[in-house]
Amino acid sequence: MDERYMAEQVEREAQRFWEQAQSFRATEDSSRPKFYCLSMFPYPSGRLHMGHVRNYTLGDVISRCRRMQGFNVLQPMGWDAFGLPAENAAVQNGVAPAQWTYANISYMRDQLKRLGFAYDWSREIATCRPEYYRWEQWFFTRLYRKGLAYRATAPVNWCPKDQTVLANEQVIDGRCWRCDTVVERREIPQWFLRITQYADELLADLSNLPGWPERVATMQKNWIGRSEGVEIRFEVNGYGPLTVFTTRPDTLMGVTYLAVAAEHPLATAATAGRAELLRFRDECRLSQTAEAAFETMEKRGVDTGLRATHPLTGAELPVYAANFVLMSYGEGAVMAVPAHDERDFAFARRYALPVSPVIMPLDFAGDPEALVTDAAYTGPGRMVNSGAFTGLPSEEARARITEVLERKGVGTRRVHFRLRDWGVSRQRYWGTPIPMIHCPHCGIVPVPDRDLPVRLPEDVVITQSASPLKGRPDFLHATCPDCGGPAERETDTFDTFMESSWYYARYCAQDNDHAMLDARVGHWLPVDQYIGGIEHAILHLLYARFFNKLLRDEGLVSGGEPFVRLLTQGMVLKDGSKMSKSKGNTVDPQALIDQYGADTARLFMMFAAPPEQSLEWNDEAVAGAHRFLKRLWALAKSIEGLPKPATKTASADHTAVRGQIHILVDQAVRDYERYHFNTVVAACMSVVNLLQKLLEEPASESSVGLLREGLSFVLRLLAPIVPHITHVLWGTLGLGDGAVIDAPWPEVDPAALRQDVVRLVVQVNGKRRGEIVVPVHSDTAEIEERALRDEAVSRSLEGKSVTKVVVVPGRLINIVAATTTTTLP
RNA sequence: GCCCGAGUGGCGAAAUAGGUAGACGCAAGGGACUUAAAAUCCCUCGGUCGUAAGGCUGUGCCGGUUCGAGUCCGGCCUCGGGCACCA
């Protein structure tokens, strides 16, 4: 054993052992309970960043811990390899996206291996490989035949100068990031998946996910946004019926105008001879597609000149084209009630439209008009100015008005979702080709199974941000599978969320080249523990849940949910904000590994903060983590030479220390189950501190026994976190027969935890005044008497009379006392 | 704009079910060892008053519940994250 801790050497030795023993190769062995632990696979951006190191260390700690507990663990790794950065890099450096991506994968794989993660590398996946995406194409054609995939138009950001579609991140202040041209919104035909058909199930199943953080479930719930309401048909003069959706039928009597999206057919119909309306529609085309931009922009509109009739009062209402109404949500038209809706209110004030209150809060007695002079009232209350409904509570009016509308045949109860169908088309090169053929005779025809995969050509030169696929005759030209005539291939590719929606299942059948999935998914799925960033709380996790249900309905998997338990790790911060290239505050993990080794990197990540919280980067604290490993090494070194004691039990003079150690170990074992790895490390540090003190005593059979017992605990507890150093020290000290990863998980000795006396804090009126030591099984009266006898306690009770005594067993005793002296002024 | 989350020493944090606030570590200050430095080890370390014993005060702010609140409830403030073409 080396005098000093030399991380690189230690880590090489441990990794060679795991490699030779094939320690992490997972087989479908049913003799042990399975545990599928999955970390979100990375985008191969070039180098690992701190977020990856944190994510993958967490997954590895959980995997290794479960393995030691006797589970048959599967922990795979792969690459989310399609995406925009590869194209940007290609434009910048003149390297083909494929070449760039494969080089990145190769470098990052080495980094992961250097960190000692217990992956089954034989199951590695790269989503840009045809062996992977062919099954996605295959599955998509199944969905198309079932009617779950369809084509419709949807808005995109369009740069008129570059003649290309831009991602939201490529639009900066409404302009193209490359040429600074003002970006337009354009409607183009795209492919969609009918996720809305699964909206109810996706919502309902959230309550079957107790292993998910509450907040992720809440975010998804809000995202799905189920709302119950009524569709109301307004008759519009010279246009016909206009359907609006509202969740507030109780406010119907307060409607003072209607608003439709600028691209609504009604608005188009009304543009004839109205230049202002045309101009407005063109302006709206310039607005961005992101919700944040949409919600914060100024609410504006133009009168279409058309007039609608109120279905109950017969009143004439103006119809506006407005920029705050989305064509893609609901009916693309709303009824506006400025008195009871903030947005309608702001709009009405701007265009001097009437505000007519119909609901008053119960505690409001004044003039209803006065209620809504400054802002809308959005709460419940009693109906006013509402004809037959006046005087009713608004909740009741909601039902009554709905009934009346239904009876008159102008209203229908409906459930709407905020969730929209998933647009999966991307007008980009570096993605999975959408397996569809456009035939001039037969229309859209899916590529037959025998012609899959539709391969993405990798030998391309990207000069513009536009997709090179349109300019490749070898890709573009196809033969129609139905009529055999000349046809064209679809040049759009899939949203990369498609690949990441089913990779967790493919790991189980990674080598199958004649089916998407096979019986092995039945052995491993669902994923027992999924770990990734909170930034994926909605989209990725919702799409993956959706895909799991699609796979189930195709008979490919059996369960309804893919991830039993979810851990969302916090971000890695530097100087209080997220590490990012644009902020220039990144720290390269490679430098950390080179200087201190993988174990220090892993230890720091686990110790600095609990998993769910953000983690503040700190160079000095990293050095501190390294220092602990050196102390651990030195401690083991000093025990190495001591003769092994014959008996394991500590003698009487060590029962107190042994008790303390067992309490700490007990704590650490329970903290593992809570995933509080930072306090596991803290407990291990405390044990090491105790053992170091013990080492100062002259060595005895008892002290050496306890040193070996304590170290055996610490090494096993730390093995999942710092696997290399613990592997080597475990072997050197001969603490078990095999390697530490095969050692049994620590169990404390209940006898060591038993205590004869207990320390109780004594409070007077809730303030700490003293401390007493009493036998463990003392009764309340005994404790009370001892507490009152305590000197400090009796001093603070002078001039007071005890009114009540609260005894919390094993914890404290609180004496409640009132001042008896009444002579105070 | 909407949704979600977080605020505890100089810093990262701990406090499991409402019961000793600050475990563990970092930084800082003092000391030991050394020709010197590095490394290592020992001591101090929320604020404040006090020579000390000890007291007062303290978990973003205001209020409430309770014998007792960092923890529960109501109302604010600040910061961070997500918002459908970044992944």
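Structure above, values below:
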read-out: Backbone N under 12 Å from the A:ARG789 label point (7 Å along Cα→Cβ), restricted to region A:754-781; value: A:773-775
read-out: Computed label-point distance, nm, for sites A:ASP737 and A:ALA751 using a 7 Å Cα→Cβ extension; value: 2.4 nm
read-out: Quotient of C-alpha Rg and 2.2 N^0.38 Å, computed over chain A; value: 1.21
read-out: Reciprocal mean inverse distance between Cα atoms of region A:523-669 - Kirkwood radius, Å; value: 20.0 Å
read-out: For peptides A:549-556, A:162-169, A:702-709, sequence by mean Cβ density within 10 Å, most packed first; value: A:702-709, A:549-556, A:162-169
read-out: Surrounding net charge for A:THR378, when Lys and Arg each add one and Asp and Glu each subtract one, Cβ distance under 12 Å; value: -2
read-out: Qualifying GluC sites (Glu not before Pro) for region A:1-92 [loop in DSSP, other Cβ within 10 Å: at most 15]; value: A:GLU3, A:GLU28
read-out: Length gained when the stretch A:ASP367-A:THR196 is fully extended (0.36 nm per residue, less Cα-Cα span); value: 57.1 nm
read-out: Chain A: antiparallel DSSP beta bridges as a percent of all, rounded to 5; value: 75 percent
read-out: Calculated FRET value between A:ASP459 and A:GLN92, using beta carbons and R₀ = 22 Å, to 0.05; value: 0.70
read-out: Relative contact order (%) - chain A, alpha-carbon pairs under 8 angstrom, separation at least six; value: 14 percent
read-out: Förster-model FRET efficiency, 45 Å R0, A:LYS644 and A:SER30, C-beta, rounded to 0.05; value: 0.70
read-out: A:ARG552 versus A:ASN208: modelled label distance in nm, points set 7 Å from Cα along the beta carbon direction; value: 0.4 nm
read-out: At most 12 other Cβ within 10 Å, DSSP loop - chymotrypsin sites (Phe, Trp or Tyr not before Pro), region A:419-472; value: none
read-out: Local electrostatic count, A:TRP135, Cβ distance below 13 Å [Lys/Arg +1, Asp/Glu -1]; value: -4
read-out: Sorted by Cβ neighbour density within 10 Å, fewest at the top, the residues A:VAL183, A:VAL808, A:VAL688; value: A:VAL808, A:VAL688, A:VAL183
read-out: A:ILE359, A:ILE62, A:ILE188 arranged by Cβ crowding within 10 Å, fewest neighbours leading; value: A:ILE188, A:ILE62, A:ILE359
read-out: Structure-based [θ]222 nm, chain A - -39500 (n - 2.57) summed over DSSP H runs of at least 4, per residue, nearest 500; value: -11000 deg cm²/dmol
read-out: Full-stretch length increase - A:THR309, A:ARG12 - with 0.36 nm per residue and alpha-carbon distance subtracted; value: 98.9 nm
read-out: Trypsin sites (Lys or Arg not before Pro) lying in DSSP loop within region A:39-68, provided at most 14 other Cβ fall within 10 Å; value: A:ARG47
read-out: Stokes-Einstein translational diffusion, region A:166-304 - Kirkwood Rh over all Cα pairs, 0.890 mPa s, 25 °C, in µm²/s; value: 130 µm²/s
read-out: Net +/- balance of residues flanking A:LEU760 in space, Cβ distance below 9 Å, scoring K and R +1, D and E -1; value: +2
read-out: Cα-projected label distance for A:VAL808 with A:LEU476, points at 7 Å along beta-carbon direction, nm; value: 7.6 nm
read-out: Relative contact order for region A:548-657, counting Cα pairs under 8 Å that sit 6 or more residues apart, in percent; value: 23 percent
read-out: Estimated FRET transfer efficiency when R0 is 22 angstrom, pair A:LEU573-A:THR296 (beta carbons, to 0.05); value: 0.25
read-out: Ranking of A:VAL325, A:VAL445 by count of other Cβ atoms within 10 Å, fewest first; value: A:VAL445, A:VAL325
read-out: Linear extension gain, A:ARG768 paired with A:ARG274, 0.36 nm per residue minus alpha-carbon span; value: 169.9 nm
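Rule-based calculations on the coordinates, nothing more; no lab input. Just so it is clear, the model here is predicted, and its values are computed rather than measured. Here Cβ is always computed from backbone atoms with ideal geometry, including for glycine, and neighbour counts include all displayed protein chains.
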